[in-house]
Amino acid sequence: MNFPIAAKFTFALISFCVVVLATPIQFSKGLTTTWVSATESLDPIKVRESTTELHIQVGERLFVFGKSKGTLEKVKIGMHVLTFAQVAGTEGLESGFKAVTWKKLKDGSIQIQSSYSPWPATLTWTVLASGRLKMEARGTFDFQASSTLGLGFDLPNYELKNLNWSAKGLGTGTWMDHQTENEPSKPFFLQGIEKVNLAFESVALSISSDTPNLILKVADLKNHQSGLLQSDLSFLFQAPSQGNSSTEIETPSGDSNNNLYKPLELSAMILWFDFH
């Protein structure tokens, strides 16, 4: 059967495209060669796993998570490495680490989930294809061991140039690295934090809160030598001001020594991180 020339050309073109899309792409790297299929190269999130770390790359952003605790350890934006790290455990009390897992979600995002005791029951980091990070902590707590609890972060103080914030009821404010000795950068607390922006020498970071009435604690960023604070930045829950945060249930006998306490179900602590 004879086909028209146009039909033959169309068939050949389609066959060529099928072969090209199915053929791996070869990249030479010195003495080693890495093969990447055409379909894999379209995935915006790349994951590389070692025995101790999980490297997640989205464009020019590289996020490094420690597999021992499931915490963010550092960030690389282009050629700039920022040692911004989550402090392992819970700030405000002793918290025991239990387990960590990670997986790829249906939308392509990467999720790292760990658990602690007594709080948070689950700590989840999600790396989105946009390059944003979402951190979510959930659990219950009775506030008998501590009046506050939360999660903290360490940052390279010597690189920090500017820190500004917006908080519900408090408006906006700014911390500058050139504050004089008459204006010391003492630790301060911001109730109802909504957003905090940090400008470093080569990288900027915005942290937004989706949790109402969350407290931001900022350490003495110029003299963090005392060790009195666990971290440079802390996002905290505070015990309710009225009465005990736990629900006290009396036994039929009325013996106060046999009272049971129902821990308070805390709101989810949800923070968004934008590195640029």
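The values are calculated or read from the model by the stated rules, or taken from the named source; none is laboratory data. As the structure is a computational prediction, the values presented were derived from the model and not from experiment. A quick note on method: Cβ atoms are made from the backbone with ideal geometry, for glycine too, and the neighbour counts reach across all protein chains shown. Heads up: the accessible areas ignore ligands, DNA and RNA and are worked out on the full protein's heavy atoms, side chains in. Shrake-Rupley method; radii C 1.70, N 1.55, O 1.52, S 1.80 Å.
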field: Contour excess over end-to-end distance, with Cα ends at residue 158 and residue 111 and 0.36 nm allotted per residue
entry: 13.8 nm
query: For segment 53-136, what class follows from the C-alpha gyration tensor (a ≥ b ≥ c being the square roots of its eigenvalues): rounded when a/c is under 1.5, otherwise prolate if a/b is larger than b/c, else oblate?
result: oblate
- prompt: Restricting attention to segment 44-84, which GluC sites (Glu not before Pro) occupy a DSSP loop and are surrounded by at most 15 other Cβ atoms within 10 Å?
  reply: 60
task: Taking H placed 1.01 Å from N in the peptide plane, check which residues at least 5 places from residue 74 or on another chain put their amide H under 5 Å from its amide H.
output: 64
- prompt: Looking at this model, which pairs from 76/217; 104/217; 161/195; 103/134; 104/195 are more than 22 angstrom apart at the alpha-carbon?
  reply: 76/217; 104/217; 104/195
- prompt: All other residues with a Cβ under 13 Å from the Cβ of residue 238 taken together, and with Lys, Arg as +1 and Asp, Glu as -1, what is their net charge?
  reply: 0
Net charge of Cβ neighbours under 13 Å - reference residue 105; Lys, Arg +1; Asp, Glu -1: +2
statement: Per-residue accessible area, 1.4 Å probe, largest first, puts 51, 83 in the order 51, 83
- prompt: For residue 204 and residue 130 in the same chain, what is the full-extension length gain: residue separation times 0.36 nm, less their Cα-Cα distance, in nm?
  reply: 25.0 nm
query: At what distance in nm do the modelled label points of residue 79 and residue 98 sit from each other, each positioned 7 Å from its Cα along Cα→Cβ?
result: 4.6 nm
query: Equivalent-ellipsoid semi-axes (√(5λ), Cα gyration tensor) for segment 40-189, whole Å, largest first?
result: 29, 23, 14
